[in-house]
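The values are calculated or read from the model by the stated rules, or taken from the named source; none is laboratory data. None of the values given here were measured: they were computed from a predicted structure. When we count neighbours, we look across all protein chains shown, and the Cβ atoms used for this are built from the backbone with ideal geometry, even at glycine. In case anyone asks, the SASA skips ligands and DNA or RNA and just uses the protein heavy atoms, side chains included. Shrake-Rupley method; radii C 1.70, N 1.55, O 1.52, S 1.80 Å.
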Amino acid sequence: MPKVDDIIATACSEKRTYLLENESKTIMQTYEIPVTKFTVAETEDAAVKAAEKIGYPVVLKILSPDVIHKSDVGGVLININTPDEVRKGYQSIINNVQKHKTNARIKGIFVEEFAPKGIEVIIGALKDPQFGPALMFGLGGIFVEVLKDVSFRVAPITKFDAKEMIQEIKGYPILTGIRGQKASDVTALENILLQVSKLVMDYPVINQLDLNPVFSYPKGAKCVDARIILEEKS
Ligand code: ADP
Ligand code: MG
């Protein structure tokens, strides 16, 4: 895929192994993985224009090759509702990041569509030293961080594998609708797993991929954060 090749070549030429969120999300779009609409703004005015085009509320995020965990440095603001809030948010993100990481290079501010709350899931890929690229699925938040309730498969996976990966986590009933909650669109999650499998098979240079979180809905799913890390020497 030429677009993906270009993004990877640019990162390599800049000696970056960590792809910026706009780069990772463009790659997801190329593989038909649903992501939130976004624009990169390099000025406050551009951020306001982008927010108007995307439609309020929007989310603002830091775009920096030196910031991997954006919310840890005050680099994510959700639910921004007015042009004034965009301007204030733009500055406060830059201030926060500079406070936490003095020398962080700032490429701009990522202006993004606000995604309504869904059930948070995590879809990832990593390189197993023995088996090569492998896929991971889990529920977000404490499920993955505390309970380590995740499933793995070596890539490439089949539709059947994707289904099994989702069904075998302990938290699976959360996706089928418990306590009056609507069931999640599990097929949409299977499709993302399959597309990620395809992506990592097509691009062995991808060392690690995290879609964290993906919001799962009764109809469809949307990836709100995407991170790709490339192999060191490429
Ligand atoms: P990081 O993981 O680098 O700290 P994220 O992009 O995952 O940053 O943002 C942190 C949290 O903010 C997410 O886990 C999610 O709950 C929320 N969030 C991020 N982007 C959106 C969005 N577009 N719409 C709604 N909520 C979002
Ligand atoms: Mg995240």
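Restricted to region 92-103, and to residues there that are away from ligand 1 (no atom under 15 Å from the Cβ) and assigned to a loop (DSSP other than H, G, I, E, B), the residue that is farthest from Leu230 (Cα to Cα) is Thr102. Tallying residues that are open to solvent by 20 Å² or more (accessible area, probe 1.4 Å) and within 13 Å of Ser24 (Cα to Cα) within region 208-223 yields 3.
Could you list all residues from region 35-78 that are of a type outside the set (Val, Ile, Thr) and within 16 Å of ligand 2 (Cβ to nearest atom)? Quick ask: steps written out before the conclusion?
Within region 35-78, the subset of a type outside the set (Val, Ile, Thr) is 37-38, 41-42, 44-47, 49-53, 55-57, 60-61, 63-66, 69-72, 74-75, 77.
Selection gives Phe38, Leu60, Lys61, Leu63, Ser64, His69, Lys70, Ser71, Asp72, Gly74, Gly75, Leu77.
Matching residues to (1) surrounded by fewer than 19 Cβ atoms within 10 Å (Cβ to Cβ); (2) of a type outside the set (Lys, Arg); (3) in contact (Cβ under 8 Å) with a residue 40 or more places away in the chain:
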site	(1), (2), (3)
Val86	no, yes, yes
Ser92	yes, yes, no
His100	yes, yes, no
Ala104	yes, yes, yes
Val121	no, yes, yes
Ala125	no, yes, yes
Gly138	no, yes, no
Val154	yes, yes, no
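Taking the residues in region 79-91 that are part of a helix (DSSP H, G or I) and either in the same structural domain as Phe215 (by TED's automatic domain parsing) or in contact with a strand residue (DSSP E or B) (Cβ under 6 Å, 6 or more places away or on another chain) (or both) as candidates, determine which candidate is nearest to ligand 2 (Cβ to nearest atom). Write out each step before concluding.
Our first condition is that a residue be part of a helix (DSSP H, G or I); within region 79-91, this holds for 83-91.
Then keep just the ones that are either in the same structural domain as Phe215 (by TED's automatic domain parsing) or in contact with a strand residue (DSSP E or B) (Cβ under 6 Å, 6 or more places away or on another chain) (or both); that gives 86, 89-90.
Working: Val86: 21, Gly89: 18, Tyr90: 20 Å.
Per the stated criteria, the residue is Gly89.
Evaluation of Gln29 against the conditions (1) more than 16 Å from Asp210 (Cα to Cα); (2) more than 16 Å from ligand 2 (Cβ to nearest atom) shows that the sole unmet condition is (1).
Pairs are defined by a Cβ separation below 9 Å, a sequence spacing of at least 6 or placement on different chains, a first member in region 5-26 that is more than 15 Å from Ile206 (Cβ to Cβ), and a second member that is part of a strand (DSSP E or B) and hydroxyl-bearing (Ser, Thr, Tyr); the pairs so defined are Asn22/Thr39. One residue stands out among those in region 60-69 that are closer than 13 Å to Arg227 by Cβ and without any contact (Cβ under 8 Å) to a residue 40 or more places away in the chain: the one that is surrounded by the fewest Cβ atoms within 10 Å (Cβ to Cβ), which is His69. Residue pairs whose Cβ atoms lie under 8 Å apart, sitting 6 or more positions apart in sequence or on different chains, and linking a residue in region 171-196 that is assigned by TED's automatic domain parsing to the domain that holds Ala226 and over 26 Å from Val154 (Cβ atoms) to a partner that is among the polar types (S, T, N, Q) and surrounded by fewer than 18 Cβ atoms within 10 Å (Cβ to Cβ), are Ala183/Thr176. Residue under question is Thr158, and the condition is that it be on the phi < 0 side of the Ramachandran plot and either acidic (Asp, Glu) or in the same structural domain as Glu44 (by TED's automatic domain parsing) (or both); does it hold? Against the criterion (on the phi < 0 side of the Ramachandran plot and either acidic (Asp, Glu) or in the same structural domain as Glu44 (by TED's automatic domain parsing) (or both)), Thr158 does not qualify.
Residues that are farther than 29 Å from Leu60 by Cβ and within 16 Å of the chain's Cα centre (by Cα) do not occur anywhere in region 214-221.
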